[in-house]
Amino acid sequence: MAGEPAAGRVLIADDDPHVREMLREFLAGRGYEVATAATGGQAIDAVRIFQPDVILIDRLMPNLSGTDVLDALRRAGVTMPVILMSGHQATAREGFFEVLQKPFKLQGLADVVASAMDHGRTLRAPDDRRRLL
């Protein structure tokens with residue numbers, strides 16, 4: 001894909017290094033520019049630096065949960081779609097673009113990420129540099 005613009009920027013936040021790497025490889029192979037974080041705190045730092053279009057975040061992580069990160073981002077006025085990945089069936093969807101129940105199929109993930117990208121683009125004007133923390 002050399003010379004082609006990235007399909008968008010995705011931040012993957014999950015404390016399991018195998019999950020992070022599998023998702024990174026899968027999404028990079030679909031043309032996305034991908035960054036990863038192992039903790040909620042790292043995810044917030046990565047939002048500042050990487051400026052993703054979409055965030056994929058695990059529900060349970062060290063220091064800050066996926067819900068804690070979403071709350072911090074929304075308080076700071078950050079509006080990009082956040083997709084929660086969770087192994088818990090009772091997870092509420094409130095505030096998240098989508099909740100993916102683990103284990104999930106990679107094609108389903110790809111479809112949700114593409115939909116979130118489209119949704120995020122409709123939320124901001126082309127020249128809008130959303131405030132990132």
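The values are calculated or read from the model by the stated rules, or taken from the named source; none is laboratory data. Small disclaimer: the values here were computed from a predicted structure and weren't measured. Cβ coordinates were reconstructed from backbone atoms using ideal geometry, including for glycine residues, and neighbour counts include every protein chain displayed.
State the number of residues belonging to segment 21-43 that are farther than 17 Å from ASP58 by Cα, in contact with a strand residue (DSSP E or B) (Cβ under 8 Å, 6 or more places away or on another chain) and among the charged types (D, E, K, R).
1
Looking at (1) part of a loop (DSSP other than H, G, I, E, B); (2) modelled with pLDDT of 95 or more, find the lone condition where HIS18 falls short.
(1)
Every residue in segment 26-37 that is crowded, with 22+ Cβ neighbours inside 10 Å and not in a helix (DSSP H, G or I), please.
Taking segment 26-37 first, the residues crowded, with 22+ Cβ neighbours inside 10 Å are 27, 32, 34, 37.
Those that are crowded, with 22+ Cβ neighbours inside 10 Å and not in a helix (DSSP H, G or I): TYR32, VAL34, ALA37.
Which number in (1) surrounded by fewer than 21 Cβ atoms within 10 Å (Cβ to Cβ); (2) out of contact with any Gly (no Cβ under 6 Å at 6 or more places or on another chain); (3) in contact (Cβ under 8 Å) with a residue 12 or more places away in the chain marks the one condition that LEU73 misses?
(1)
If you go through segment 72-90 one residue at a time, do you hit one that is under 13 Å from the mean Cα position of the chain (by Cα), closer than 21 Å to HIS18 by Cβ and part of a helix (DSSP H, G or I)?
no
Tell me yes or no: at least one residue of segment 78-88 is touching a Pro at 6+ places or on another chain (Cβ under 8 Å) and surrounded by 19 or more Cβ atoms within 10 Å (Cβ to Cβ).
Yes, segment 78-88 contains at least one residue that is touching a Pro at 6+ places or on another chain (Cβ under 8 Å) and surrounded by 19 or more Cβ atoms within 10 Å (Cβ to Cβ).
Please go through segment 38-64 and give me each residue that is buried (at least 20 other Cβ atoms within 10 Å of the Cβ), without any contact (Cβ under 8 Å) to a residue 60 or more places away in the chain and farther than 24 Å from ASP118 by Cβ, ordered by number.
GLY40, GLN42, MET61
Starting from residues that are polar (S, T, N, Q) and either closer than 18 Å to VAL54 by Cβ or touching a strand residue (DSSP E or B) at 6+ places or on another chain (Cβ under 6 Å) (or both), keep the ones in segment 81-100 and report whichever is modelled with the lowest pLDDT. If you could, list the steps in order and put the result at the bottom.
Here is the first cut: in segment 81-100, the ones polar (S, T, N, Q) are 86, 89, 91.
From the residues that got through so far, the ones that are either closer than 18 Å to VAL54 by Cβ or touching a strand residue (DSSP E or B) at 6+ places or on another chain (Cβ under 6 Å) (or both) too are 86, 91.
On the way: SER86: 87, THR91: 59.
Step by step, filter segment 81-100, then rank; the result is THR91.
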